[in-house]
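Reviewing the structure listed below.
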Amino acid sequence: MISECTICCRLHTPEQACPLRIANAYTMQPHALEQLTDADKAWMKTHPAFDVLDTLEDAIADTMA
């Protein structure tokens with residue numbers, strides 16, 4: 001059943017990856033790696049080319065435009 005995630009406040013099931021947990025891990029937030037679930041780790045493994053810096057840079061550029 002899809003419900004609001006208590007971590008990211010988005011709609012996904014507890015068995016799905018959480019974008020905020022993944023973002024926290026990529027940005028090396030304290031204790032973020034310990035909070036990753038198996039679903040989060042699986043998403044990260046299937047998206048090895050994902051680049052946080054490129055995504056963040058694009059978001060900042062879009063905001064500045």
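Restricting attention to segment 23-37, which residues are assigned to a helix (DSSP H, G or I) and either under 21 Å from Ala49 (Cβ atoms) or among the small types (Gly, Ala, Ser) (or both)? Let's see the steps before the verdict.
Quick first cut of segment 23-37, residues assigned to a helix (DSSP H, G or I) only: 23-26, 32-35.
Selection gives Ala23, Asn24, Ala25, Tyr26, Ala32, Leu33.
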Quick one: in segment 5-55, which of the residues that are of a type in the set (Gly, Ala, Ser) and in contact (Cβ under 8 Å) with a residue 12 or more places away in the chain is surrounded by the fewest Cβ atoms within 10 Å (Cβ to Cβ)?
Ala42
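Which residues, taken from segment 1-22, are among the hydrophobic types (A, V, I, L, M, F, W, C) and assigned to a helix (DSSP H, G or I)? Before you say what the answer is, go through the steps one by one.
First, the residues of segment 1-22 that are among the hydrophobic types (A, V, I, L, M, F, W, C): 1-2, 5, 7-9, 11, 17-18, 20, 22.
Matches in segment 1-22: Leu20, Ile22.
Bear in mind these aren't lab numbers, they're just calculated from the coordinates by the rules spelled out. Worth saying up front: this structure is predicted, and the values here are computed from it rather than measured. FYI the Cβ positions are ideal-geometry reconstructions off the backbone, even for glycines, and counts take in every protein chain you see.
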